[in-house]
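The values are calculated or read from the model by the stated rules, or taken from the named source; none is laboratory data. Note that the coordinates shown come from a computational prediction; the quantities given were computed from them, not determined experimentally. Cβ sites come from the backbone with ideal geometry, for glycine too, and all protein chains shown count toward neighbours.
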């Protein structure tokens, strides 16, 4: 018997099967096709994501190790705050607008004023942001009313696959908490806030807890996907939760550095810090299925997506980058970058309208100087976030680094140096799918202790200890960067905001 985890991310879908000892049996990856219909826009076609998942499952179930251990259950890990309308059959009625999409509606500002920041954090762990599903629903209602009249559900990737596989649109606590109309106390939708914001409650998926079975995949569907025995769909979680679970991050004082398209710090905690600490750091908090019960989210859209854009812009090949970086001086380069091509969140509160810039370039500036500057400034953001969380009382003794970004030893070492924190990488290649598989195993009662199992499945493979001498070389540059960011946050950058083209509907 095996377990399958599906991880739907910003740039691709990964599907992996595991045996009951956490050993990967087979893994499939399919890249998404990003669409940029106008500057600042980033959309995905939900039908492509479904086809990628369905074809991926067919390829996975055809692998000999999976044939030898037929899958018992599936769970989904999915990027959060990405939603779109679908009809009663689960057919997408429009594109998925991605979280890094820069089009603005201003709706989050109107909603924010309904309650104080402390009240918002008490309700659902964060203040309103433009990419929250409720804001997206209202955006669709305003810009595409004809589409929304046909909509039966408004779903993210997890609920979309749930609907396609079982005919039921269910959402877990970690995704639901991003909707603004979720209530920590009841662990359900808030009728009062749904009414206040004019949301059609019928569009919202049903909230269900972790460790439950959503339903059996109908035999006609399961056979079309290559399953030879009955398989059940279990309640998964958002990709951050699944990655932290899969990385074996559970003890207080241990956090996760997720260096992917976004650059995130995730920190399990037993008690939520005061709302003022969370607000000032630009972070949020949400439910976590481990013993800690809560997790701090320090999320930044400025990660590998920024670097991929820059590499293409200045024609630096990823395969050559590491050697080029190691040939440069240990200290900061002569270029200072503001890396926020998709705006800033943690730790620069109020920076959603910020955009990127390069300062200090000369005729001698080379392409690798530009890449180094962006990597440095992303590391500065990581330093200031860790520093602010520690000042707020959070314990961070060690970070487990995961994602494509940690493959750069140069960059990971810089982050360890600047944060003064040990960073470990781990030996499991796909932690999002592993975390989903762990939740699937819990749902079918193969095991009860998720974190103990994750600790058995995942080991540290490399350790980066901080180098205080190198950190000293960067001290002055980081102060300059912080001063610049504070100044820029006081400016009105709205003239640079991309305006959404008017709809023809």
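Quick rundown of the values:
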{"quantity": "Among (1) part of a helix (DSSP H, G or I); (2) touching a helix residue (DSSP H, G or I) at 6+ places or on another chain (Cβ under 9 Å); (3) closer than 20 Å to residue 98 by Cβ, the one test that residue 376 misses", "calculated": "(3)"}
{"quantity": "Counted residues, the stretch 381-391 - those being modelled with pLDDT under 90 and closer than 16 Å to residue 259 by Cβ", "calculated": "0"}
{"quantity": "Residues being under 19 Å from the mean Cα position of the chain (by Cα) and farther than 23 Å from residue 312 by Cβ - total across the stretch 349-388", "calculated": "6"}
{"quantity": "Count of residues meeting criterion [in contact (Cβ under 8 Å) with a residue 24 or more places away in the chain and in a loop (DSSP other than H, G, I, E, B)] in the stretch 237-282", "calculated": "13"}
{"quantity": "In the stretch 115-131, the residues that are buried (at least 20 other Cβ atoms within 10 Å of the Cβ), under 20 Å from residue 185 (Cβ atoms) and in contact with a helix residue (DSSP H, G or I) (Cβ under 6 Å, 6 or more places away or on another chain)", "calculated": "121, 127, 128"}
{"quantity": "Yes/no for residue 395 being in contact with a strand residue (DSSP E or B) (Cβ under 7 Å, 6 or more places away or on another chain), more than 19 Å from residue 321 (Cβ to Cβ) and without any contact (Cβ under 8 Å) to a residue 12 or more places away in the chain", "calculated": "no"}
{"quantity": "Qualifying residue in the stretch 99-114 (condition: more than 19 Å from residue 494 (Cβ to Cβ), surrounded by 19 or more Cβ atoms within 10 Å (Cβ to Cβ) and in contact with a helix residue (DSSP H, G or I) (Cβ under 6 Å, 6 or more places away or on another chain))", "calculated": "no"}
{"quantity": "Single unsatisfied condition, residue 358 versus (1) assigned to a helix (DSSP H, G or I); (2) surrounded by fewer than 20 Cβ atoms within 10 Å (Cβ to Cβ); (3) at pLDDT 95 or above", "calculated": "(1)"}
{"quantity": "All positions within the stretch 317-335 that are in contact (Cβ under 8 Å) with a residue 40 or more places away in the chain and either under 15 Å from the mean Cα position of the chain (by Cα) or surrounded by fewer than 20 Cβ atoms within 10 Å (Cβ to Cβ) (or both)", "calculated": "322, 324, 325, 326, 328, 330, 331"}
{"quantity": "When residues of the stretch 401-423 are limited to those that are modelled with pLDDT under 95 and farther than 24 Å from residue 313 by Cα, the one nearest to the chain's Cα centre (by Cα)", "calculated": "402"}
{"quantity": "Some residue of the stretch 25-40 being more than 24 Å from the chain's Cα centre (by Cα), surrounded by 15 or more Cβ atoms within 10 Å (Cβ to Cβ) and within 20 Å of residue 236 (Cβ to Cβ)", "calculated": "yes"}
{"quantity": "Checklist (1) in a loop (DSSP other than H, G, I, E, B); (2) more than 23 Å from residue 417 (Cα to Cα) applied to residue 312, failing item", "calculated": "(1)"}
{"quantity": "Residues of the stretch 165-193 classified as surrounded by fewer than 18 Cβ atoms within 10 Å (Cβ to Cβ) and part of a helix (DSSP H, G or I), total", "calculated": "2"}
{"quantity": "The listed residue being buried (at least 19 other Cβ atoms within 10 Å of the Cβ) and under 23 Å from residue 245 (Cβ atoms), out of 134, 155", "calculated": "155"}
{"quantity": "The one condition in (1) in contact (Cβ under 8 Å) with a residue 40 or more places away in the chain; (2) in contact with a helix residue (DSSP H, G or I) (Cβ under 8 Å, 6 or more places away or on another chain); (3) closer than 24 Å to residue 245 by Cα that residue 28 fails to fulfil", "calculated": "(1)"}
{"quantity": "Any hit, the stretch 302-315, residues being more than 25 Å from residue 378 (Cα to Cα) and in contact with a strand residue (DSSP E or B) (Cβ under 8 Å, 6 or more places away or on another chain)", "calculated": "no"}
{"quantity": "Residue list for the stretch 105-128, restricted to those being in a loop (DSSP other than H, G, I, E, B) and modelled with pLDDT under 80", "calculated": "105, 106"}
{"quantity": "Test: residue in the stretch 392-399 that is crowded, with 23+ Cβ neighbours inside 10 Å, at pLDDT 95 or above and in a helix (DSSP H, G or I)", "calculated": "no"}
{"quantity": "Hits in the stretch 291-306 - residues which are farther than 11 Å from residue 258 by Cα and either free of Cβ contacts under 8 Å to residues at least 40 places away in the same chain or part of a loop (DSSP other than H, G, I, E, B) (or both)", "calculated": "291, 292, 293, 294, 301, 302"}
{"quantity": "Some residue of the stretch 221-231 being at pLDDT below 95 and farther than 23 Å from residue 51 by Cα", "calculated": "no"}
